[in-house]
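Written below as structure tokens is the structure these notes are about.
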């Protein structure tokens with residue numbers, strides 16, 4: 001089991017994001033929850049494809065980071 005830190009951002013028609021721990025695991029949706037569900041689905045599909053090709057899933061180890069506010 002792996003923990004992910006989904007990176008979610010607002011786009012014109014909802015939200016988009018990706019899992020920092022697995023390159024290519026992206027998703028988009030009208031809500032944050034829908035976007036996370038899409039990312040999790042992408043992770044499952046990517047992992048299955050790596051396994052099908054007998055390739056180790058390239059998980060990256062990321063440490064959760066507390067959000068930092070900036071003024072620009």
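So, in region 43-66, of the ones that are under 13 Å from the mean Cα position of the chain (by Cα) and under 13 Å from residue 7 (Cβ atoms), which residue ends up surrounded by the most Cβ atoms within 10 Å (Cβ to Cβ)?
Ranking the qualifying residues of region 43-66, first place goes to 62.
Within region 1-27, which residues are assigned to a loop (DSSP other than H, G, I, E, B) and under 19 Å from residue 65 (Cβ atoms)? Step through it out loud before you land on a result.
First pass over region 1-27, keeping only residues assigned to a loop (DSSP other than H, G, I, E, B): 1-5, 12-13, 20-25.
Matches in region 1-27: 2, 3, 4, 5, 20, 21, 22, 23, 25.
What pairs come up if the first residue lies in region 1-24 and is on the phi > 0 side of the Ramachandran plot and surrounded by fewer than 17 Cβ atoms within 10 Å (Cβ to Cβ), the second is modelled with pLDDT of 90 or more and in a strand (DSSP E or B), and their beta carbons are under 8 Å apart, counting only those six or more places apart or on different chains?
14/28; 14/29
Which of the residues spanning region 25-42 are touching a residue at least 24 places away in the same chain (Cβ under 8 Å) and either out of contact with any strand residue (DSSP E or B) (no Cβ under 9 Å at 6 or more places or on another chain) or more than 17 Å from residue 60 (Cα to Cα) (or both)?
Result: 32, 35, 36.
The values are calculated or read from the model by the stated rules, or taken from the named source; none is laboratory data. Because the structure is predicted, anything quoted here is derived from the model rather than measured. For neighbour counting, all protein chains shown are included, and Cβ atoms are generated from backbone atoms with ideal geometry for every residue, glycine included.
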